[in-house]
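Chemist: Structure below; questions to follow.
The values are calculated or read from the model by the stated rules, or taken from the named source; none is laboratory data. Please read all numbers here as calculations on a predicted model, not as lab measurements. With ideal geometry, Cβ positions are generated from the backbone for all residues, glycine too; neighbour counts draw on all protein chains shown.
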Amino acid sequence: MIILKVILKDEKIREIELSGHGNGLKGRDIICAAVSGISQTALLGILYYNKHGINWKMEDGFLYIDVYDVKDDRIQIILTSMIIGLKAIAKEYPKQIKIEM
């Protein structure tokens, strides 16, 4: 199961932790691929606009983003868009992705 944990502080996204894998075959799981695509694109967008506004770590089946610059609206918009996309996937595939806000 893929688990997304979101920590808010003063209504701003402060931390994101995404962990786990889908239940399909490695390299053929469309849910895992969709989640990876959305989350990695969000990370790349943040690094493009404000690479010093976050601390991050990515490994196989794991992504962590710690937001230092919580006042940067670009980071908040990108992460909110990521969460919206992952919520849409979770709605269709609740046994494969769980979101904890």
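Chemist: Can you tell me how many residues in region 54-65 are within 16 Å of K12 (Cβ to Cβ) and surrounded by 14 or more Cβ atoms within 10 Å (Cβ to Cβ)?
Modeler: Residues in region 54-65 being within 16 Å of K12 (Cβ to Cβ) and surrounded by 14 or more Cβ atoms within 10 Å (Cβ to Cβ): 2 in total.
Chemist: Could you grab me the full set of residues in region 1-29 that are acidic (D, E) and surrounded by fewer than 14 Cβ atoms within 10 Å (Cβ to Cβ)? Outline the logic, then answer.
Modeler: Let us first name the residues in region 1-29 that are acidic (D, E), namely 10-11, 15, 17, 29.
D10, E11 - these are the residues of region 1-29 that are acidic (D, E) and surrounded by fewer than 14 Cβ atoms within 10 Å (Cβ to Cβ).
Chemist: Scan I46, I38 and give me the residue that is modelled with pLDDT of 95 or more, among the β-branched types (V, I, T) and under 16 Å from V6 (Cα atoms).
Modeler: Selected residue: I38, the only one of I46, I38 that is modelled with pLDDT of 95 or more, among the β-branched types (V, I, T) and under 16 Å from V6 (Cα atoms).
Residue-by-condition table, conditions (1) under 14 Å from the mean Cα position of the chain (by Cα); (2) of a type outside the set (A, V, I, L, M); (3) in a helix (DSSP H, G or I):
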| site | (1), (2), (3) |
| --- | --- |
| L4 | yes, no, no |
| H21 | yes, yes, no |
| C32 | yes, yes, yes |
| S39 | yes, yes, yes |
| I83 | yes, no, yes |
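Chemist: Restricting the first residue to region 73-101 and requiring it to be loosely packed, with under 13 Cβ neighbours inside 10 Å, which pairs with a second residue that is part of a loop (DSSP other than H, G, I, E, B) meet a Cβ separation below 8 Å and a spacing of at least six or different chains?
Modeler: Listed by first residue and then by second, the contacts come to K95/M1; K95/N23.
Chemist: Scanning region 49-67 for residues that are in contact with a helix residue (DSSP H, G or I) (Cβ under 9 Å, 6 or more places away or on another chain) and outside any helix (DSSP H, G or I), which turns out farthest from I2 (Cα to Cα)?
Modeler: G53
Chemist: Out of all the residues in region 16-33, is one or more free of Cβ contacts under 8 Å to residues at least 12 places away in the same chain and touching a strand residue (DSSP E or B) at 6+ places or on another chain (Cβ under 8 Å)?
Modeler: Within region 16-33, none of the residues are free of Cβ contacts under 8 Å to residues at least 12 places away in the same chain and touching a strand residue (DSSP E or B) at 6+ places or on another chain (Cβ under 8 Å).
Chemist: While we're here: For region 85-101, give me each residue that is in contact with a Leu (Cβ under 6 Å, 6 or more places away or on another chain) and assigned to a loop (DSSP other than H, G, I, E, B).
Modeler: Of everything in region 85-101, nothing turns out to be in contact with a Leu (Cβ under 6 Å, 6 or more places away or on another chain) and assigned to a loop (DSSP other than H, G, I, E, B).
Chemist: Considering each residue of region 68-81, count those that are over 20 Å from A33 (Cα atoms), outside any loop (DSSP other than H, G, I, E, B) and aliphatic (A, V, I, L, M), and give that number.
Modeler: Qualifying residue count for the region: 2.
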